[in-house]
Structures are given as C-alpha cells and as structure tokens.
1. Out of all the residues in the stretch 45-82, which are within 28 Å of Ala108 (Cα to Cα), aromatic (Phe, Trp, Tyr) and either buried (at least 21 other Cβ atoms within 10 Å of the Cβ) or more than 16 Å from the ligand (Cβ to nearest atom) (or both)?
2. Of the conditions (1) over 22 Å from Leu189 (Cβ atoms); (2) touching a Pro at 6+ places or on another chain (Cβ under 8 Å), Glu68 satisfies every one except a single condition; which number is it?
3. Residues in the stretch 86-100 that are touching a residue at least 40 places away in the same chain (Cβ under 8 Å) and within 16 Å of the ligand (Cβ to nearest atom): how many?
4. Of the residues Ala223, Ala209, Ala205, only one is of a type outside the set (Asp, Glu) and either in a loop (DSSP other than H, G, I, E, B) or in contact with a Ser or Thr (Cβ under 8 Å, 6 or more places away or on another chain) (or both); which?
5. Inspect the stretch 183-198 for any residue being surrounded by fewer than 16 Cβ atoms within 10 Å (Cβ to Cβ) and assigned to a loop (DSSP other than H, G, I, E, B) and give the result as yes or no.
6. Regarding the stretch 59-71, can at least one residue be identified that is without any contact (Cβ under 8 Å) to a residue 40 or more places away in the chain and farther than 24 Å from Ala42 by Cβ?
7. So which residues in the stretch 1-46 are in contact with a Pro (Cβ under 8 Å, 6 or more places away or on another chain) and either over 30 Å from Ala116 (Cβ atoms) or part of a helix (DSSP H, G or I) (or both), if there are any at all?
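FYI, it's all coordinate maths here, none of it is from the lab. Predicted model, so just to flag it, every value in this text is computed and none were measured. All Cβ positions, glycine included, derive from the backbone under ideal geometry; neighbour counts span all protein chains shown.
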Amino acid sequence: MNLIIADNADALAAQAADFIADAARTAVQERGRFSLCMTGGATPEQTYEQLAGRDLPWDVMDFFWGDERFVPFDDPRSNFGMAQRSLLSRAPVPAGNLFPMPTDAASAAEGARLYAQTLGGSFGIDPPMPPAPPPVFDLLLLGLGDDGHCASLFPGHPTLHVTDAWAISSPPGTLPPPVERITLTFPVLNASRQVLFLVAGAKKAEAVADILEGGAQVDKRPAAGVKPESGTLTWLIDEAAASRLEKRA
Ligand code: 6PG
C-alpha cells in the first residue's frame, strides 16, 4: 500500500490528476485503452476539473462508475451528473466511452443487474457474474465517507459480504444523501489493476487512522475491505485527513 500525503485539498487534486493522467498514458501504451472507474461525492470534483485540462488520449478512455445514487443524472446528487459538469463536458470524450449506472431502470436492483451486463459486454465476460472472473479496471477511484464507507458499501450492511454479484442495490447509509444506490461489490473493486483513494479533510481523519493503522474490520470501516487481489493500492490523502496517523508514509 502506498501512502501519499498532500499539503491540502488543492494539492491533492493536482496530484490526483497527475496520477490518473500517468495511469491513462501507461494503459494506452501497454493495452491500447484505459478503463477508469469513477468515484462520486464531493472530493473528486476538483480532481476531475484539473483532469479536464490535461492532454490525454480521451478517445480510448472508457469511464465506468463504482457507485451511483438512484436519481436522474440531472439531479444535483448524481455522481454521473457531477462528472459531467466537472470533466465530461470539458474534455473530448466520445459518448460511446461513457458507461454510467442506469438510474432510469425500474429499480436500483434492476439497475445493478443491467450494469453487470454492461460490464460483461465492455469486458467480454459472459455470463456477467461469478464464478466468471470480474472485470478488471485499469484504475479504480474511491472516496472515503466519514464513517469509513467506500463506493456505496456502508458499515454493517449485508452488501459488504456479497460475492455472487458484481453490482447490487444498496439502501441509504447513515450519511447523506439518504437515497438508494447502486454499487459495485468488493470482488470487482479488488480486481482492479490500480486503486486510488482520494481523501481530504479532518472529518475523515479518524476513519483513515482506523483503517491504515488500527486494523479496522470491514463491517465497521468498509474501506478496510479494499485489498486488491494483484493490483496496487494507493491512499492519496491531505494533511487534515492524515492528522490522526502515528506513522507518516
Ligand atoms: C457517493 C460516493 C461515496 C463518497 C464518499 C465520500 O456516492 O457518495 O461514491 O463513496 O466517495 O461518501 O464523499 P465526499 O467526497 O463527498 O466526502
């Protein structure tokens, strides 16, 4: 696990954009395409804005989502809507490269089922479910809730232990917004080639310390369950989020 501590949220956004840009260039050089699984929430917005200004191989970059609030894309709570405003409307990404979670499905559960099919189609896996191996993103972005959740995998929920599906519906966690979600499950998160956590702010410090130094259990701090099978794990956090850590990198 790599730990990078940025001075503040602005520096974190710049360093995160550099990290993502490097991963994109490397993946395209090695495999001809780059699959990026986006995170939602507020923290990544500044990173996405910075990324929009980079000279990247946008035409061979595919965008997926690790979780989504079950609301229309034009709802201010939509993770896809946030990515559209901060990045996708500012960079020449072909519409065919965007794979948002279908929040217009009949239900979040149906949306999760459809998204697994989308992943199967994009990664050539049929049927799109275990025991078939999960899709492998080149880079998975994750945020961290104050309660230690990641994606929409919330403390104490059965969703933390699902291994027979790639995507599932998730009831609201204790943190806002209190809406149903669609989320990828740990088998998919942990299949990624690279995982990058983006965490800023003092409110995250206790959860960061519990996870990085306190041996937190997944049921209490779900992000503790992010242990890539063979990929790399990097925590990019700012000084405020690092303030409860004993060891510094
Ligand atoms: C979501 C996110 C979620 C987020 C954390 C942190 O849909 O809410 O994907 O997992 O990363 O809640 O959110 P902030 O960056 O807003 O603190």
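1. Tyr48, Phe64, Trp65, Phe70, Phe80
2. (1)
3. 1
4. Working: Ala223 fails: either in a loop (DSSP other than H, G, I, E, B) or in contact with a Ser or Thr (Cβ under 8 Å, 6 or more places away or on another chain) (or both); Ala209 fails: either in a loop (DSSP other than H, G, I, E, B) or in contact with a Ser or Thr (Cβ under 8 Å, 6 or more places away or on another chain) (or both).
So the residue among Ala223, Ala209, Ala205 that is of a type outside the set (Asp, Glu) and either in a loop (DSSP other than H, G, I, E, B) or in contact with a Ser or Thr (Cβ under 8 Å, 6 or more places away or on another chain) (or both) is Ala205.
5. First pass over the stretch 183-198, keeping only residues surrounded by fewer than 16 Cβ atoms within 10 Å (Cβ to Cβ): none.
For the stretch 183-198, residues surrounded by fewer than 16 Cβ atoms within 10 Å (Cβ to Cβ) and assigned to a loop (DSSP other than H, G, I, E, B): absent.
6. Scanning the stretch 59-71 turns up at least one residue that is without any contact (Cβ under 8 Å) to a residue 40 or more places away in the chain and farther than 24 Å from Ala42 by Cβ.
7. Residues satisfying the conditions are Ala16, Ala24, Arg25, Val28.
This table checks each residue for (1) more than 13 Å from the ligand (Cβ to nearest atom); (2) buried (at least 18 other Cβ atoms within 10 Å of the Cβ); (3) within 17 Å of the chain's Cα centre (by Cα).
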site: Pro178; (1), (2), (3): no, no, no
site: Glu213; (1), (2), (3): yes, no, no
site: Ala224; (1), (2), (3): yes, yes, yes
site: Lys227; (1), (2), (3): yes, no, yes
site: Ile237; (1), (2), (3): no, yes, yes
